[in-house]
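So the structure is just underneath, and the comments pick up after that.
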Amino acid sequence: MKYAVTFAEKHGGEEQSTLARQMARTKRRAKLQALALIAPLMLFLVVVLVLPIGTLLARGFDNGDAAALLPRTAEALSAWNGQDAPHEELFAALAGDLKEAAREDVAVLAKQLNYHDAGMRSMFLKLARKVRTAEAPYAPSFIEVNEDWSSPRYWRALQQVMPSVTDFYILSALDLMRDENGDIASVPPSTAVNLEVLARTFTVSASVTVMCLLLGYPLAALIARSRGTAANVLIVLVLLPFWTSLLVRTSAWVVLLQSRGVVNNVLAWLGMIDPEAPLDLIYNRVGVVIAMTHILLPFMILPIYSVMKGIPPVYMRAAASLGARPLSSFFRVYLPMTMPGVSAGCLLVFILALGYYITPALVGGPRDQMISYFIAYYANQVTNWGMAAALSIILLVAVLVLYVIYNRLVGIQRLRIG
Amino acid sequence: MNERFISFEAVRKSYDGANYVVRGLDLDVAEGEFLTLLGPSGSGKTTTLMMLAGFEEPTHGSISLGGARIDSVPAYDRNIGMVFQNYALFPHMTVGENVAFPLKMRGVSKSQISERVSSALDMVRMAGFESRRPSQLSGGQQQRIALARALVFEPRLVLMDEPLGALDKQLREHMQIEIKHLHERLGINVVYVTHDQSEALTMSDRVGVFSDGVLQQIATPHELYEKPANIFVAGFVGENNVVPGEVVDIDAGLCRVRTPDGSVISAVAGEHVRKPARVVVVVRPERIVLAREGDEAANRFAGKLEEVIYHGDHVRLRLNLLGSEGLQVKLAASAITAPFSLGATIHVGWRPQDCRALIQS
């Protein structure tokens, strides 16, 4: 555009506008061409990534359509203050709705009500059956099913499922809930599990990251220093695990680590442990960390190696010539220069570890299951999509927060992978 | 003054156990001397420097510094400053931190460090650059910082490994003078490695010429240029015309050499030249002058003019003379009065003391 302006100064407005128009047209065409070239990829990403993940995440806030199923109840509940004893109007509204509602829809609603008040499912189904034949006044038939219908308890649960959007799942995922006044409060300690799972997920991921760094850094340095065949062989050995199925590798650890496994047998044969009291190496935290470290190690080694490869040995010579002993030249010169690789490797391993599912499920105990296990549990076993989505949202947010912190501390442009 | 401040004794170095990169080096360097190791790549000059720095160990022989053997002293204990070809400034440190690094390693107190860092930066005229990153500096500025870093801890000896190799010609010449002045002012020892012979002549007290792992000659720039010890030195340092021939007569340091076309040249006899021997006569293009017909001089010949190249301050002629097709003559532009015509016969001559007969190896 700068050219167009200077051109205009010489040749007057008429020609300038023509030229500017021509240039704008050329630029637009180039932009469209570029867009057309990436359009297939964009489409692919939207269809396989953005849409499915977006719909799943939306489920974390989706409260179903109870208000459409029970329109009269919804209206009556909105007039109710949530504190008073329920009056006949409420009973009549719910009874009228239940008489008209399809059985399958009532079953779904009963299951959803159960999340808010455990045990409510079968009671609500029974009520629905009973009410179909009941006549006004309805209150006695409700109380006959469960006398708590005369208190606000179940009505409050109904009130919770009425809005189409809810924060119930997200709050539950963080061990929080809405109390009688609608304020956010902690759930009773007996049902609080999710925060512990979240903390466990972070602890396991952090331990695996530290182990990978401690094992991977020296190995990366060794590969970076090796030449020719030796370097190639080492690289292949690092990559070898990539070419084996995750399941096979994890199962191999079961063979090695079990109480009559290879490791315990060897230790017993060496006389280092009592054969009658083998070490507990599997179905606990130790097994999870060992197996995950093994599987994630390449993701630590490769970025560190690629950074080390780019550091000429002259820097270490310079440090020595300036009087730095090997240790201080390592800590003051080499380590800082490899930091982009170290932080990339740590970020990569940590984020991958956060979402690990198969390995902890196979070699961990019940107290070593991480957040992914519970996402799978809610999605596959109890079909509570709301909780599965809420836990996924928490995991995603945790990764994003990490990413932002990393960007603040190191700068994402310094990230070097592969 | 210690005449044997640095001393190499029968030093040999082999990387593969079969071939020697440095074979039998004996070299003494006096205190305060600026010594340049000159040679083509693979001649062993850099290996020699690396052994002195402590990055390579000699396979045989010993190296001593200030009277003490240092072959088994690790590099970080040698207290030798070093400037590398690509500067090797630590990219994750600022300029100030880079220069402070050797002082920090020596446990110098904080207040002293900042004082010495700023005086070192002053010395290389880079004051005020403390907080910059090396990547923000030009090549010449980075080289000054590297110099400051190598000098700030006041080493007795500074090694420089082709430090100006990455700079453009003008800056290189400027830095040569600056390094020379720094050396004169600080009175330290400098061992400098380069493959650029003009750099070696400009800066050094003495120059050692390496070829094939052997120190061919070590001498002052003047002696190296005027009295090359062998054909390699004669060809590597400056330009030389080379005319082969046979010694027919030798007397009081002067010899007469018959060329294949039957002419006879009077020349200074180099080492080991006796009668009869196959020799080459070397004469520098700028020592050849135009002779007038009828001039009686010791070395006076006529040849056909093949080419004239104008260089501004001088003119180069290529003559077909003494059986050699490419005899180069370099004339000051001011010495030329009439235009040359190609193919004409030109008379040239030079004094016997301006050419040397060297043994053909």
(message) Being more than 19 Å from B:Leu327 (Cα to Cα), open to solvent by less than 50 Å² (accessible area, probe 1.4 Å) and assigned to a loop (DSSP other than H, G, I, E, B) is the requirement here; does B:Val273 meet it?
(response) yes
(message) I'm trying to understand the selection: among the residues of region B:118-145, which are more than 13 Å from chain A (Cβ to nearest Cβ), open to solvent by less than 70 Å² (accessible area, probe 1.4 Å) and closer than 27 Å to B:Arg78 by Cβ?
(response) B:Ser118, B:Ser119, B:Leu121, B:Met123, B:Val124, B:Met126, B:Gln143, B:Arg144
(request) Return only the number of the condition from (1) within 22 Å of B:Leu167 (Cα to Cα); (2) surrounded by 15 or more Cβ atoms within 10 Å (Cβ to Cβ); (3) away from chain A (no Cβ under 14 Å) that B:Gly96 does not satisfy. (result) (1)
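Within region B:104-111, identify whether any single residue is within 24 Å of B:Gln136 (Cβ to Cβ) and within 12 Å of chain A (Cβ to nearest Cβ), and answer yes or no.
yes
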(request) Could you please find all residues in region A:67-89 being closer than 20 Å to A:Glu147 by Cβ, buried (at least 17 other Cβ atoms within 10 Å of the Cβ) and small (Gly, Ala, Ser)? (result) none
(message) Please verify whether B:Leu49 is under 19 Å from the mean Cα position of the chain (by Cα), within 14 Å of chain A (Cβ to nearest Cβ) and among the aliphatic types (A, V, I, L, M), treating the condition exactly as stated.
(response) yes
(request) Read through the list (1) over 27 Å from B:Asp196 (Cβ atoms); (2) open to solvent by less than 60 Å² (accessible area, probe 1.4 Å), then give the number of the only condition that B:Leu35 fails. (result) (1)
(message) Against the conditions (1) open to solvent by 50 Å² or more (accessible area, probe 1.4 Å); (2) part of a strand (DSSP E or B); (3) free of Cβ contacts under 8 Å to residues at least 40 places away in the same chain, where does B:Leu319 fall short? Just the number, please.
(response) (1)
(message) One residue is enough: does region B:66-77 have a residue meeting the conditions at the interface with chain A (Cβ under 7 Å from one of its Cβ atoms) and either in contact with a helix residue (DSSP H, G or I) (Cβ under 8 Å, 6 or more places away or on another chain) or surrounded by 16 or more Cβ atoms within 10 Å (Cβ to Cβ) (or both)?
(response) yes
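Residues are listed down the side, and each one gets a yes or a no for (1) open to solvent by less than 30 Å² (accessible area, probe 1.4 Å); (2) in contact (Cβ under 8 Å) with a residue 40 or more places away in the chain:
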| position | (1), (2) |
| --- | --- |
| A:Leu348 | no, yes |
| A:Gly365 | yes, yes |
| A:Gln381 | no, no |
| A:Ser392 | yes, yes |
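Kindly indicate whether A:Val187 is β-branched (Val, Ile, Thr) and open to solvent by less than 40 Å² (accessible area, probe 1.4 Å).
Yes: the conditions hold for A:Val187.
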(request) May I ask you to verify whether B:Val237 is buried (at least 18 other Cβ atoms within 10 Å of the Cβ) and at pLDDT 85 or above? (result) yes
(request) Mind listing whichever residues of region B:12-41 are farther than 25 Å from B:Glu178 by Cα and touching a helix residue (DSSP H, G or I) at 6+ places or on another chain (Cβ under 7 Å)? (result) B:Lys13, B:Val21, B:Val22, B:Leu25
(request) Output the residues belonging to region B:128-156 that are touching a residue at least 40 places away in the same chain (Cβ under 8 Å) and within 18 Å of B:Arg116 (Cα to Cα). (result) B:Ile145, B:Ala146, B:Leu147, B:Ala148, B:Arg149, B:Ala150, B:Leu151, B:Val152, B:Phe153, B:Pro155, B:Arg156
(message) Looking for something modelled with pLDDT of 90 or more, in contact with a Gly (Cβ under 8 Å, 6 or more places away or on another chain) and in the same structural domain as A:Ile301 (by TED's automatic domain parsing) - is there at least one such residue anywhere in region A:228-249?
(response) no
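Restricting attention to region A:319-339, which residues are open to solvent by less than 20 Å² (accessible area, probe 1.4 Å) and more than 7 Å from chain B (Cβ to nearest Cβ)?
A:Ala319, A:Ser329, A:Thr338 - these are the residues of region A:319-339 that are open to solvent by less than 20 Å² (accessible area, probe 1.4 Å) and more than 7 Å from chain B (Cβ to nearest Cβ).
The values are calculated or read from the model by the stated rules, or taken from the named source; none is laboratory data. On a predicted model such as this, the values are computed, not experimentally measured, just so you know. Every residue, glycine as well, gets a Cβ built from its backbone with ideal geometry; the counts of neighbours run over all protein chains shown. To get the accessible areas, we keep the full protein, side chains included, count just its heavy atoms, and leave off ligands, DNA and RNA. Shrake-Rupley method; radii C 1.70, N 1.55, O 1.52, S 1.80 Å.
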